[in-house]
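Engineer: This is the structure I want to talk about, given as structure tokens.
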Amino acid sequence: MRETPQDLQELQALLDASLSRSGSHLRSIINDERTLTAEQVSRVLRGMCVLTVSTVTAKGEPRISGADGHFLHGKWHFGTARDAAKARHLGARPAISAAHMRGEELGVFTHGTAEVLNPHGGEPAADWPELLAYFKEFYGADGFNWDEDVVFYRLRPHWMTVYAPDFDKLVGGPSA
């Protein structure tokens with residue numbers, strides 16, 4: 001788990017606020033018995049998690065695509081080819097929604113803004129060296145031309161909720 005106590009505190013505040021301002025229908029499905037704490041979310045979302053990412057075209061049309069999601073420091077991180085439609089959409093309109101689902105056992109739903117971590121020819125995010133080391137370890141140092149081929153994003157969430165009816169099942173045994 002890469003989350004600091006501050007990361008977990010911020011994530012828990014986001015989860016609580018998001019659920020509290022959700023509609024009655026969503027709250028009838030996701031409630032205290034069928035959600036996770038920030039610490040539990042961080043335990044469950046290890047390694048690469050397939051994300052469904054939604055962006056918006058210049059005409060205002062939604063587009064859904066897949067991405068390798070990595071949940072680090074309480075936020076989603078993902079990459080794509082610099083010339084991908086997803087990158088063009090996010091460059092012009094950084095509003096984004098993402099979902100990670102595992103059947104009926106887990107659903108993580110997030111809305112926010114995409115922040116470029118390694119802009120082409122620009123100043124990278126302050127934590128880019130740490131994140132780049134993680135991605136190179138995960139994908140292999142020679143997996144990409146890290147400066148030219150791929151652009152990585154952090155999804156800065158303004159809303160996130162988690163559906164998980166059985167945490168023990170997700171982690172393979174009773175929680176501590």
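Engineer: So what's the net charge close to P124: Lys and Arg +1, Asp and Glu -1, counting the other residues with Cβ under 13 Å from its Cβ?
Structural biologist: -4
Engineer: What aspartates and glutamates could a cross-link reach from K75, if we take a straight Cα to Cα line under 17 Å and drop same-chain neighbours fewer than 8 places away?
Structural biologist: E3, D7, E10, D16, E39, E115, D127, E130
Engineer: Something else: Per residue, what accessible area does the chain have, given a 1.4 Å probe and all protein chains present, in Å²? Can you show the working numbers first?
Structural biologist: Working: 9260 Å² over 176 residues.
Heavy-atom accessible area per residue stands at 53 Å².
Engineer: Add -39500 (n - 2.57) for each DSSP H run of 4 or more in the chain, then divide by its residues: what number comes out at 222 nm, to the nearest 500 deg cm²/dmol?
Structural biologist: Values: 6 runs with 54 residues, N = 176.
Using -39500 (n - 2.57) per qualifying helix, the result is -8500 deg cm²/dmol.
Engineer: If you bin every alpha carbon distance in the chain into 5 Å steps from zero, what whole percent lands in each bin?
Structural biologist: 1, 8, 16, 20, 20, 16, 10, 6, 2, 0
Engineer: Can you send over the carbon and sulfur percentage of the accessible area for the chain, probe radius 1.4 Å, protein chains only? Before the final figure, lay out the partial values.
Structural biologist: Working: 4810 of 9260 Å².
Here carbon and sulfur together make up 52 percent of the probe-accessible area.
Engineer: Find out how many positive minus negative residues lie around R88, taking Lys and Arg as positive, Asp and Glu as negative, among other residues whose Cβ is under 11 Å from that of R88. Let's see the in-between values first.
Structural biologist: Details: positive: R63, R82, K86, R93; negative: D83.
Computed value for this residue: +3.
Engineer: Give, as a single signed number, the net charge of other residues whose beta carbon lies under 12 Å from the beta carbon of T37, with Lys and Arg counted +1 and Asp and Glu -1. Walk me through the numbers on the way to the answer.
Structural biologist: Numbers: positive: R43; negative: E3, D16, D32, E39.
Within the 12 Å Cβ shell, the charges total -3.
Engineer: Enumerate the lysines that K59 could reach by cross-link, defined here as Cα to Cα under 20 Å, with residues fewer than 8 away along the same chain left out.
Structural biologist: The reachable lysines, counting only those whose Cα sits under 20 Å from K59, are K86.
The values are calculated or read from the model by the stated rules, or taken from the named source; none is laboratory data. The structure presented is a predicted model; accordingly, all values stated were derived computationally and were not measured. Because the Cβ atoms are built from the backbone with ideal geometry, glycine has one as well, and the counts that use them run over all protein chains shown. For the accessible areas, the whole protein counts, side chains as well, though only heavy atoms, and no ligand, DNA or RNA atoms are used. Shrake-Rupley method; radii C 1.70, N 1.55, O 1.52, S 1.80 Å.
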